[in-house]
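J.: The structure's right below; bear with me while I get my questions together.
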Amino acid sequence: MEKILENKIDALKEIINIGTGHAATALSEFIHKRVTVKVPDISVALISKMPELMGGADLRIRGFYFTLTGDFTGGIFLYFPEETAEGLANTILADMDEKGEEMKKSALMELSNITTNSYINAIANMIDSKIYISVPFYSADMLGAIIDFMLIEISQNADYALLMETFIEIEGEKISGKFIFMPDIISFNKLFERLGIK
Amino acid sequence: MSECAEFKIISVGIADYKACKSPAAIESTGLGSCVGIALIDPVTKIGGLAHIMLPSIEESRITTSPLKFADTAIRMMIEDMVKLGANKKRIVAKIAGGACMFALTVPNPAMNVGERNISAVKKVLQEENIPLVSEDTGKNFGRSLSFNLDSGKLKVKSAHYGIKEM
């Protein structure tokens, strides 16, 4: 039993590692800087502990949520702490004279689109599936407030959530972001099936 | 029973509630679609704050955490307050939260659970004959709550619109 669980966790790590790796490459090409990826972190925790584990309920973030449909359903959430988002927007808009709030927002939307699509497409290719990604839903607010609908969604089926997070770091800057990949239960089972883990 | 000790500031996480007697402030941080329900008996200054995630335990597939739901959490909190000495007939309610944090171009029930939470909370309060004296609900921003049991004031902080007291 434990062995199976271990295999499953290793498989998930492998998958999100590949996803984030591709996302980092896409990000690197977009902002012309070196981007590194940390080893993914997978933990199971009570839903009520999630805001704390993700950085604190009152942390100011900019978050991008995408719904996933096709062979695989669920969602994926990319977020940056406020200062990081600000720094990223300025990097992208370095050549522009005008850096208004709307400009920053659309630059970050584009960045989230590019990186998240790379992430999901890499996973889809690996498990030979078709996954369609929605446009990003954007919110700039407190972390707890932005993520609670996701926790609500999970909590309809469980008291615990699987937190699969990956950090991306940009060289030379104090910039980091996180991807949270959240397939629903049916998709999890499909995922393990395709990977040959029962 | 979630009775709290004699702390000045008590914090309530997601899917939880705390009830106690003044002097105390009960706080909860970062509510989006969730709803915060502040109840107080102004005479005994016994109050509580709940942070619920879902409308009803009856509509749920799993029922192991009753504090997640508006109907069960509110009723349990009232019971605790009465045990502490509150008179149910005097209890009044203030609620905040139930936002939809994302601009939705197409209807998405999962992302718009806030609205359903607000109506579930109001329904339970009505069934329990507890008057709703003020609310700051809906819209598209997150809220943090601080409920002062001495004054009965509920402070609603938002990242974009400052502090509102009600």
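The values are calculated or read from the model by the stated rules, or taken from the named source; none is laboratory data. What you see is a predicted model; the values in this text were computed from it and never measured. Here the Cβ positions follow ideal geometry from the backbone for every residue, glycine too, while neighbour counts run over all protein chains shown. In case anyone asks, the SASA skips ligands and DNA or RNA and just uses the protein heavy atoms, side chains included. Shrake-Rupley method; radii C 1.70, N 1.55, O 1.52, S 1.80 Å.
J.: On the given criteria, is A:E98 charged (D, E, K, R), modelled with pLDDT under 90 and open to solvent by 20 Å² or more (accessible area, probe 1.4 Å)?
T.: Yes.
J.: Kindly indicate which of B:V43, B:V106 is over 18 Å from B:L132 (Cα atoms) and either over 17 Å from the mean Cα position of the chain (by Cα) or crowded, with 19+ Cβ neighbours inside 10 Å (or both).
T.: Of B:V43, B:V106, the one residue that is over 18 Å from B:L132 (Cα atoms) and either over 17 Å from the mean Cα position of the chain (by Cα) or crowded, with 19+ Cβ neighbours inside 10 Å (or both) is B:V106.
J.: Could we say that A:T73 is under 24 Å from B:F102 (Cα atoms), touching a residue at least 12 places away in the same chain (Cβ under 8 Å) and in contact with an Asp or Glu (Cβ under 6 Å, 6 or more places away or on another chain) here?
T.: Yes: the conditions hold for A:T73.
J.: Going through A:F167, A:F188, A:F179, A:F192 one at a time, which residue ends up being without any contact (Cβ under 8 Å) to a residue 60 or more places away in the chain, open to solvent by less than 70 Å² (accessible area, probe 1.4 Å) and either within 14 Å of another protein chain (Cβ to nearest Cβ) or closer than 21 Å to A:K8 by Cα (or both)?
T.: Exactly one of A:F167, A:F188, A:F179, A:F192 is without any contact (Cβ under 8 Å) to a residue 60 or more places away in the chain, open to solvent by less than 70 Å² (accessible area, probe 1.4 Å) and either within 14 Å of another protein chain (Cβ to nearest Cβ) or closer than 21 Å to A:K8 by Cα (or both), namely A:F188.
J.: Return the pair list, or none, for Cβ contacts closer than 6 Å from residues in region A:104-119 that are among the aliphatic types (A, V, I, L, M) to residues that are open to solvent by less than 30 Å² (accessible area, probe 1.4 Å) and not in a helix (DSSP H, G or I), at least 6 apart or on different chains.
T.: The qualifying pairs are A:A107/A:L93; A:M109/A:P136.
J.: How about region A:8-66: which of its residues are of a type outside the set (V, I, T) and assigned to a loop (DSSP other than H, G, I, E, B)?
T.: Selection gives A:H32, A:K33, A:R34, A:K38, A:P40, A:M54, A:G55, A:G56, A:A57, A:D58, A:L59.
J.: Just need a number here: residues in region B:102-136 that are within 13 Å of another protein chain (Cβ to nearest Cβ) and not hydrophobic (A, V, I, L, M, F, W, C).
T.: 9
J.: Right, here's the next one. If I filter region B:57-73 for residues that are in contact with a Lys or Arg (Cβ under 9 Å, 6 or more places away or on another chain), within 16 Å of B:K123 (Cα to Cα), surrounded by fewer than 24 Cβ atoms within 10 Å (Cβ to Cβ) and not hydrophobic (A, V, I, L, M, F, W, C), do I get at least one hit?
T.: Yes, the conditions are met somewhere in region B:57-73.
J.: Another question, if that's okay. Checking B:I74 against (1) more than 22 Å from A:I147 (Cβ to Cβ); (2) hydrophobic (A, V, I, L, M, F, W, C); (3) in contact (Cβ under 8 Å) with a residue 60 or more places away in the chain, only one condition comes out false. Which one?
T.: (3)
J.: Count, please, the residues in region A:34-55 that happen to be open to solvent by 70 Å² or more (accessible area, probe 1.4 Å) and under 30 Å from A:T91 (Cα atoms).
T.: Qualifying residue count for the region: 6.
J.: Could you give me the residue pairs with C-beta distances under 7 Å whose first residue belongs to region A:128-146 and is within 14 Å of another protein chain (Cβ to nearest Cβ) and buried (at least 19 other Cβ atoms within 10 Å of the Cβ), whose second residue is part of a loop (DSSP other than H, G, I, E, B) and among the acidic types (D, E) wherever it lies, and which are 6+ apart or on separate chains?
T.: Pairs that qualify, where the first residue is within 14 Å of another protein chain (Cβ to nearest Cβ) and buried (at least 19 other Cβ atoms within 10 Å of the Cβ) and the partner is part of a loop (DSSP other than H, G, I, E, B) and among the acidic types (D, E), are A:M142/A:D58; A:G144/A:D58.
J.: Which numbered condition in (1) touching a residue at least 24 places away in the same chain (Cβ under 8 Å); (2) within 14 Å of chain B (Cβ to nearest Cβ); (3) open to solvent by 70 Å² or more (accessible area, probe 1.4 Å); (4) part of a helix (DSSP H, G or I) is the only one that A:I154 fails?
T.: (3)
J.: Also, I was wondering about something else. If you check B:I95 against the conditions, is it of a type in the set (A, V, I, L, M, F, W, C), under 20 Å from B:K155 (Cα atoms), within 14 Å of the chain's Cα centre (by Cα) and crowded, with 24+ Cβ neighbours inside 10 Å?
T.: When the stated conditions are applied, B:I95 passes them.
J.: I'm trying to understand the selection: among the residues of region A:57-74, which are at the interface with another protein chain (Cβ under 8 Å from one of its Cβ atoms) and among the polar types (S, T, N, Q)?
T.: Listed by number, the list holds a single entry, A:T67.
J.: Kindly establish whether A:D141 is modelled with pLDDT of 80 or more and in a strand (DSSP E or B).
T.: When the stated conditions are applied, A:D141 passes them.
J.: Do you know which residues across region B:137-160 are charged (D, E, K, R) and either within 14 Å of another protein chain (Cβ to nearest Cβ) or surrounded by 15 or more Cβ atoms within 10 Å (Cβ to Cβ) (or both)?
T.: B:K139, B:R143, B:K153, B:K155, B:K157
J.: Within region A:101-119, count every residue that is surrounded by fewer than 22 Cβ atoms within 10 Å (Cβ to Cβ) and either among the β-branched types (V, I, T) or under 25 Å from A:E193 (Cα atoms) (or both).
T.: Residues meeting the conditions: 3.
J.: Would it be correct to say that A:N90 is surrounded by fewer than 15 Cβ atoms within 10 Å (Cβ to Cβ) and within 12 Å of chain B (Cβ to nearest Cβ)?
T.: No: the conditions fail for A:N90.
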